[in-house]
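To start, the structure itself, in structure tokens.
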Ligand code: MOS
């Protein structure tokens, strides 16, 4: 027990979601469902987007649109309210005539009904002047991005990598690619905005209300306290709802134009593809030099990705190779091409997901090359300290995850050779991969505790539950921190009127917010004792942070899959998946399990289906709905099983927990293609692993 230790009574129990009933009965109000709070009927916005990838808007002809019944106005770059700052070209919506990618917002129709707005948008004629553009990563010139875009060093180098690789008895040297992938939460991006008395209120489908306010207020030229953002319920978020995107600025500008009247703007599924971020394609050049027994001598992971010319974002896929396995000589790098394409952004485990895909397939290739079992190969390459930083690991239990997973999965029964098992017309194989995700902790979170009547407490923090169950987990944390039952706590979240909270991203939410709640509760008890007078309150900002300067803090996992590949059609089925994780204390087994399962499903989906296809002639994604952008459906999922190790990591957070939202997608796609290799002997190095790869 450390000084920070808290009791765990509610924590660790499989409490049902406190908002489950509201959600399944349709009473939970999402960003477009706040009519009861609006005193005037809203205007409805519909975005008109550019058809050229680069160029100028010459003229927006709205005459036909304005003649259409119900259309109130058409805002364009000559008529929209001005922003105070236009530095961020993704967010500087309708401010000038420049077009930076196909699908950019070039006009916004406001109408009395969504139908009128949509028809009005169809009637707007945008005259555009096209300029030469570049939308293809292959062959594009690349540059070395700044470390601020990578989130850590852009490149690293230790030892004599080239010499060690050249001298290594065993070498793996391949290129692995992952495609563009798009976030597709059930609820697309949407917002309602109301500008009244110099204050803007937004109901936004976002992962971070305070982040939206902090980003947009200075752009709109208003004080942050004049921008209230609310997100009581959010229908899913995988990163695209982390930072605000163009549509949020568009609806804010429309609300300012409509002064006093609310404006609703729903981003269509199709419009999300260019406008709300995506995971870019990645190219991983991976070289491993090893001893004949599989021990790694040298490792190089060189990543090439693309960004948008109007705003830089780098998928930091070479980062996990810095800490994952032992080896004296190591080089990692990121290079990026600037293209005239939509702006990339976060998607579940940005960096770790594609990076670990490449590394974990390469490890499988190494296992085959040296004839060592893939589980054993990983165990042999356990580093004693973090090879990148030299810091000790705080709680590295990868080996426990691998061995426990192997036991549960029945790994020992596996034939060594690939293409060894044919069951009817199906080749059958099994595969494994490691998973990891950093224990991110975002500073600055604050919470407020107020004593109510009859021994009850109100706890408030501007966090957002994007569907993860965070509202329930935070309630459990608050109850334990106050030493009362969960029924004694009223929890308020999802509003910038509540104390500052960081974004629901980087698997940091529950840990970072929960730390603030725990410390506010401790401060409250210090201030007001065990029997406080109703009405007294304490607001405090989290003060203690995990010591990531001296400790390498990560979560770990091992994913095992069975793949069946049809011998004549190449169809791949995955009847069994198992993930075993080490993530510190699990606050709520029910909601945590759901996060892991969702991550595994999304990893399977990435392995076999997901791919956004860009048409190089026009620079846009032609796959822009769920009919063409395939995600795993129920029929694709077989027996999914998740377990976690009994862990408490009080060096990470006072609750002993680390994050769990993203690790489930890490390594999973590699486990699937490794199993497909074991089934067929066909090595797939480019995702998705579609049928044609096996024929
Ligand atoms: Mo996640 S990509 O940090 O929302």
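The values are calculated or read from the model by the stated rules, or taken from the named source; none is laboratory data. For clarity, every value in this text was computed on a predicted model and none was experimentally measured. Please note: Cβ atoms are built from the backbone with ideal geometry, for glycine as well, and neighbour counts cover all protein chains shown.
Points worth noting:
- The set of residues in region 187-236 being in contact (Cβ under 8 Å) with a residue 40 or more places away in the chain, assigned to a loop (DSSP other than H, G, I, E, B) and farther than 16 Å from residue 29 by Cα consists of 208, 221.
- Of all the criteria given as (1) under 22 Å from the mean Cα position of the chain (by Cα); (2) modelled with pLDDT of 95 or more, the one not satisfied by residue 561 is (1).
- Strands (runs of 3 or more DSSP E) lying entirely in region 6-96 (those with 3 or more residues that are surrounded by fewer than 19 Cβ atoms within 10 Å (Cβ to Cβ) and in contact with a strand residue (DSSP E or B) (Cβ under 9 Å, 6 or more places away or on another chain)): 55-61
- Condition check for residue 403 on (1) under 30 Å from residue 90 (Cβ atoms); (2) in a helix (DSSP H, G or I); (3) out of contact with any strand residue (DSSP E or B) (no Cβ under 8 Å at 6 or more places or on another chain): one failure, at (1).
- The set of residues in region 212-244 that are within 15 Å of residue 90 (Cβ to Cβ), surrounded by fewer than 23 Cβ atoms within 10 Å (Cβ to Cβ) and within 16 Å of the ligand (Cβ to nearest atom) contains only 215.
- Single condition residue 469 does not satisfy, out of (1) touching a helix residue (DSSP H, G or I) at 6+ places or on another chain (Cβ under 8 Å); (2) crowded, with 24+ Cβ neighbours inside 10 Å; (3) at negative phi: (3)
- The strands (runs of 3 or more DSSP E) falling completely within region 551-666 include none with 2 or more residues that are free of Cβ contacts under 8 Å to residues at least 60 places away in the same chain and within 30 Å of residue 11 (Cα to Cα).
- Subset of region 532-546 [modelled with pLDDT of 95 or more and farther than 17 Å from residue 490 by Cα]: 540, 541
- For region 512-522, the count of residues that are within 16 Å of the ligand (Cβ to nearest atom) and crowded, with 24+ Cβ neighbours inside 10 Å is nonzero.
- Single condition residue 501 does not satisfy, out of (1) more than 16 Å from the ligand (Cβ to nearest atom); (2) buried (at least 24 other Cβ atoms within 10 Å of the Cβ); (3) closer than 16 Å to residue 444 by Cα: (1)
- Where a residue in region 440-455 is assigned to a helix (DSSP H, G or I) and its partner, wherever it lies, is modelled with pLDDT of 95 or more and surrounded by fewer than 20 Cβ atoms within 10 Å (Cβ to Cβ), with Cβ under 9 Å and at least six apart: 453/534; 454/488; 454/534; 455/484; 455/488; 455/531
- All positions within region 523-543 that are assigned to a loop (DSSP other than H, G, I, E, B) and surrounded by fewer than 17 Cβ atoms within 10 Å (Cβ to Cβ): 529, 530, 531, 533, 534, 535, 536, 543
- Just one of the numbered conditions (1) away from the ligand (no atom under 16 Å from the Cβ); (2) in contact with a strand residue (DSSP E or B) (Cβ under 9 Å, 6 or more places away or on another chain); (3) more than 17 Å from residue 357 (Cβ to Cβ) is not true of residue 692: (2).
- Of all residues in region 482-494, none satisfies being outside any loop (DSSP other than H, G, I, E, B), touching a helix residue (DSSP H, G or I) at 6+ places or on another chain (Cβ under 6 Å) and within 16 Å of the ligand (Cβ to nearest atom).
- Residue match in region 116-128 (condition: over 26 Å from residue 215 (Cβ atoms), surrounded by fewer than 18 Cβ atoms within 10 Å (Cβ to Cβ) and out of contact with any strand residue (DSSP E or B) (no Cβ under 7 Å at 6 or more places or on another chain)): yes
- Qualifying residue in region 257-271 (condition: touching a residue at least 40 places away in the same chain (Cβ under 8 Å) and within 16 Å of the ligand (Cβ to nearest atom)): no
- Region 370-396, residues that are in contact with a helix residue (DSSP H, G or I) (Cβ under 9 Å, 6 or more places away or on another chain) and either farther than 20 Å from residue 319 by Cβ or not in a loop (DSSP other than H, G, I, E, B) (or both): 370, 372, 373, 374, 375, 376, 377, 378, 379
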